[in-house]
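Here's the structure we're looking at; comments come further down.
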Amino acid sequence: MDPFAPFDATRCAACGECFHRCPVLQLPLPAARDEVARLARGDATRRVLQRCTSCLACNFICPNEANPAQRILARWQDAAMREGRPARAAYFDPLATPNFRTHVIDRLPPAERALLDSWADTSPCDEIFYPGCNLITAPYLTRTRLLDGFEIRGTLAECCGEMYFRTGQTGRLAAQARHLTSWFAKLGVKKVTVLCTAGFNLLTNVLPRHGADFSFEVEHLLPRLLERFQAGDLRVTHPQRLRVTIQDSCHAKFFGDAFMDVPRRLLEHIGATVIEEGRSRDRALCCGIGGGFSHAAAYHPLDMTRETIRALREAERTGADALVSYCAGCLQMLAVGRVAYPRRQPLFHIMELLQRAIGEDPPRPARRRALVSLAGVARHQGPALLSRRRVTKRT
């Protein structure tokens with residue numbers, strides 16, 4: 001199976017399984033079949049093009065490997081080229097200024113700003129830890145001996161382009177592939193370690209299909225940490241005896257069950273008990289950012305908030321003591337959602353629990369950062385919410 005291949009109409013039997021079993025849409029089979037037919041013909045849909053979060057689960061569900069998600073992305077791209085994007089979408093362009101990340105970065109504490117400044121170093125380096133854009137707004141997660149020995153390199157300009165991928169903006173994705181090819185070549189890196197699962201997927205599977213020419217090895221941090229814990233290099237001195245549930249990254253499914261087992265094994269190793277959500281692993285709900293990916297939503301905060309609250313409710317139903325994310329972007333979206341939907345269930349990044357397990361006392365500014373993020377939306381995106389202006393951009 002190649003979940004990144006283009007939509008294949010000759011394989012699509014319009015059976016409707018993709019949207020019937022979709023964790024977001026869950027349409028009755030007759031409605032799902034109708035939506036598949038509309039999507040394939042190029043007609044307007046009633047729900048799919050409007051509500052899809054581009055988690056790409058449908059590519060794994062499709063019994064014929066037709067890859068319906070690519071048809072959705074192509075339809076969004078066609079609509080953007082034809083109509084332009086609503087002005088409100090500009091604030092969530094990962095390379096625009098200002099945007100939802102620059103607003104937070106400009107308000108980081110001095111110590112965290114100093115970290116970002118140090119990551120801008122472009123001197124040659126054989127091996128780096130690549131923060132991606134999600135970790136750029138949560139640099140406090142890197143202040144731990146779990147990352148001892150790593151050279152952290154990368155600025156917001158070195159975003160992996162995940163949001164372009166998930167919204168069908170192939171032209172902009174290709175441009176970022178060229179930029180990253182040049183940037184990595186300048187560093188001369190031979191190995192890149194990534195914590196962000198979106199960045200791992202983009203560097204490994206997506207960007208090379210859009211013109212990137214990478215000659216380095218890419219590994220995810222969590223399997224390395226699991227090996228260090230199992231070898232005794234990292235010792236659990238403060239067991240975390242919690243019942244936890246997990247917010248899976250939408251990108252984890254591309255690496256299979258063995259990869260998705262890793263955060264679960266890490267949590268169990270430090271003393272936690274994992275309780276699975278009803279929709280998890282390759283059927284997990286998006287953290288909420290995907291609620292803004294469709295051409296119709298165009299990052300409307302109400303659409304994103306709706307999806308974030310769905311994810312929080314899914315976690316709440318487990319009765320777990322805490323919700324754990326292994327993606328910094330998911331952490332930030334869920335923290336923002338908890339402002340609108342406050343719950344007693346604490347929210348952690350897995351790195352925070354691992355730090356606590358080895359005796360560190362990590363700061364936990366996620367809620368404060370969520371309030372800063374919401375203030376940025378109100379200030380910069382708010383005026384565009386009622387605007388009918390369309391922005392034409394290369395997609």
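Computed quantities for the displayed model
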| read-out | value |
| --- | --- |
| Cysteines not pairable in the chain (beta carbon separation under 4.7 Å absent) | Cys12, Cys15, Cys22, Cys52, Cys62, Cys125, Cys160, Cys196, Cys286 |
| Sum of side-chain charges, Glu151 neighbourhood, beta-carbon under 10 Å (Lys, Arg +1; Asp, Glu -1) | -2 |
| Amide hydrogen neighbours beyond the local backbone of Arg85, cut-off 5 Å, H modeled | Val391, Thr392, Lys393 |
| Label point distance in nm, Asp126-Glu217, each placed 7 Å from Cα along Cα→Cβ | 1.1 |
| Charge dipole magnitude, Cβ of K and R +1, D and E -1 - the chain, Cα centre, debye nearest 20 | 1500 |
| The chain: relative contact order in percent, alpha carbon pairs under 8 Å with at least 6 residues between | 20 |
| Beta bridges by DSSP in the chain, antiparallel share as percent, to the nearest 5 | 10 |
| Loop GluC sites (Glu not before Pro), segment 274-344, which have at most 14 other Cβ atoms in a 10 Å radius of their Cβ (DSSP) | Glu276 |
| Those GluC sites (Glu not before Pro) in segment 12-110 that DSSP places in a loop and that have at most 16 other beta carbons within 10 Å | Glu65 |
| Under 15 Å from the Cα of Lys191 - aspartates and glutamates, other chains or at least 8 residues apart | Asp126, Glu127, Glu151, Asp213, Glu217, Glu219 |
| Rg followed by Dmax, in Å, when segment 29-144 is reduced to its Cα trace | 20.3, 58 |
| Global geometry of segment 92-221, whether rounded, prolate or oblate, following the gyration tensor of its Cα atoms and the 1.5 cut on a/c | oblate |
| Per-residue HN-Hα couplings for segment 71-84 [Karplus 6.51, -1.76, 1.60; θ = phi - 60°; Hz; x = Gly/Pro] | 5, 4, 4, 5, 5, 5, 5, 4, 5, 5, 5, 7, 10, x |
| Space enclosed by the convex hull of the alpha-carbon atoms of segment 226-386, per residue, Å³ | 112 |
| Cα-centre dipole for segment 226-342 with unit charges at Cβ (Lys and Arg positive, Asp and Glu negative), debye to 20 | 180 |
| Alpha-carbon spread of the chain, three principal axes, descending order, Å | 58, 44, 41 |
| Net charge over other residues, Cβ less than 13 angstrom from the Cβ of Ser182 (K, R count +1; D, E count -1) | 0 |
| Among Met81, Pro124, Pro98 the positive-end extreme of the charge dipole of segment 31-153 (Cβ point charges) | Met81 |
| Neighbour-count order for Asp303, Asp148, fewest beta carbons within 10 angstrom listed first | Asp148, Asp303 |
| Dipole moment magnitude, nearest 20 debye, segment 331-395 about Cα centre, only Lys, Arg, Asp, Glu C-beta charged | 580 |
| Under 5 Å, built H, 5+ apart or other chain: amide partners of Ser325 | Gln247, Phe348, His349, Ile350 |
| Trypsin sites (Lys or Arg not before Pro) within segment 147-244, DSSP loop, no more than 14 other Cβ atoms inside 10 Å | Lys190, Arg235, Arg241 |
| Relative contact order %, segment 297-395, counting alpha carbon pairs below 8 Å whose residues are six or more apart | 26 |
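Values in this text are rule-based calculations from the coordinates and carry no lab data. Keep in mind it's a predicted model, so treat the numbers as computed, not measured. Every residue, glycine as well, gets a Cβ built from its backbone with ideal geometry; the counts of neighbours run over all protein chains shown.
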